[in-house]
Amino acid sequence: MTHFEKAPAKINLSLDVLSKRDDGYHNVEMIMTTVDLADRIELNTIEEDRVEVSLWSRYVPNDERNLAYKAAMAFKKKYNITKGVHIKIEKVIPVSAGLGGGSTDAAAVLRGLNQLWNMNIPIEELAALGSSLGSDIPFCVYGSTGIAKGFGEVIEKLPPPPPFWVVLAKPDIGVSTKTIFGQVNMDEITHPNTQAVIDALFEQDFSKLCANIGNSLERITTSIHPEVLRIKEKMRQAGAPGVLMSGSGPTVYGIVEQHSKAKRIYNSLKGFCPEVYLVRLIG
Ligand code: ATP
């Protein structure tokens, strides 16, 4: 039996760090939406009771460290499944980029195994299972647009943004989310206006959205990697009305309503930044 599942990237419309918890993790509030840049996951049942991962990537391991592997093992354990699965990952999303690449692969495996093995597990249960593996996984299980709270495990659906094009620009560096959160000083953190972003989504107000997207981690990542600021500046100069770093970075996105304008921005970033994509909002 074979099942294919698309694993799309996310971008943060907002990312706020609210407080540090006693266990060292942070309480966050993140509004995320889904874009059409996706890994492809192929799942094949195998008779042996094990999980295999195959992928071609210089940056991602194909063993038990892979989040897709962890998701499959967690699924098998929780539901006492003794058959196995071979997971083939075609990696398209840049790694350690702030686009949730590993999390979306894990989420796609949870959704995909539910289908492959006809389990009929409710999506809330899959999201809860995912939250034990990573804070962006519950959001990725649902996809579309939503706000993640707590450690990322509480998800509330939000209306998708008004349609736009997204230019993604990633400098030639990877950023570890753990390292960036390790540098958070709650006395210095700046907070985005999350409510204004939510209002913009309900009102379908693109200008309001552009004016209020914000990311508490931007200052930390840009102080370590100033090239992120240069890309933001270039994106603005090229005419993107909304520009922000996604997640813990380093990918910067620009959002634009018209395709022709997005194409121009994409072209001007191309010569400036090693990895640039022009993709549609899935929302
Ligand atoms: P986020 O935005 O959720 O913080 P990210 O996009 O910054 O995540 P990922 O691409 O998910 O980062 O990669 C982070 C780390 O996870 C890398 O060190 C990578 O090797 C590891 N990893 C494990 N499994 C995967 C996977 N299936 N795809 C990508 N990275 C994976």
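The values are calculated or read from the model by the stated rules, or taken from the named source; none is laboratory data. Please read all numbers here as calculations on a predicted model, not as lab measurements. Note: ideal-geometry Cβ built from the backbone for every residue, glycine included; neighbour counts use all protein chains shown.
Based on this model, can you work out whether G150 counts as farther than 18 Å from S96 by Cβ and within 16 Å of the ligand (Cβ to nearest atom)? In short, yes. Keeping to the range 140-194, report how many residues are buried (at least 19 other Cβ atoms within 10 Å of the Cβ) and part of a strand (DSSP E or B). The total comes to 10.
Among the residues of the range 215-227, those identified as part of a loop (DSSP other than H, G, I, E, B) and either modelled with pLDDT under 95 or surrounded by 14 or more Cβ atoms within 10 Å (Cβ to Cβ) (or both) are S216, L217, H225. In this entry, K76 passes the filter for residues that are away from the ligand (no atom under 16 Å from the Cβ), assigned to a helix (DSSP H, G or I) and farther than 14 Å from E5 by Cβ.
One line per residue, one yes/no per condition, for (1) assigned by TED's automatic domain parsing to the domain that holds S19; (2) at pLDDT 95 or above; (3) within 30 Å of P241 (Cβ to Cβ):
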{"site": "T104", "(1), (2), (3)": "yes, yes, yes"}
{"site": "R111", "(1), (2), (3)": "yes, yes, no"}
{"site": "W117", "(1), (2), (3)": "yes, yes, no"}
{"site": "V141", "(1), (2), (3)": "yes, yes, no"}
{"site": "S144", "(1), (2), (3)": "yes, yes, yes"}
{"site": "Q195", "(1), (2), (3)": "no, yes, yes"}
{"site": "A200", "(1), (2), (3)": "no, yes, yes"}
{"site": "D205", "(1), (2), (3)": "no, yes, yes"}
{"site": "I213", "(1), (2), (3)": "no, yes, yes"}
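Comparison of L129, L201 shows that the only residue that is more than 30 Å from K76 (Cα to Cα) and surrounded by 17 or more Cβ atoms within 10 Å (Cβ to Cβ) is L201.
Pairs are defined by a Cβ separation below 7 Å, a sequence spacing of at least 6 or placement on different chains, a first member in the range 1-29 that is within 14 Å of the ligand (Cβ to nearest atom), and a second member that is hydroxyl-bearing (S, T, Y) and in a loop (DSSP other than H, G, I, E, B); the pairs so defined are I11/S246; N12/S246; L15/S216; V17/S216. Test A127 against the stated conditions and say whether it is in contact (Cβ under 8 Å) with a residue 24 or more places away in the chain, farther than 28 Å from G283 by Cβ, in a helix (DSSP H, G or I) and away from the ligand (no atom under 13 Å from the Cβ). So A127 fails the test. Scan the range 221-253 for residues that are β-branched (V, I, T) and either within 16 Å of I31 (Cα to Cα) or in contact with a helix residue (DSSP H, G or I) (Cβ under 6 Å, 6 or more places away or on another chain) (or both) and the total you get is 5. Taking the conditions exactly as written (in a helix (DSSP H, G or I) and within 27 Å of S144 (Cα to Cα)), does R280 satisfy them or not? No; evaluated as a whole, the condition is false for this residue.
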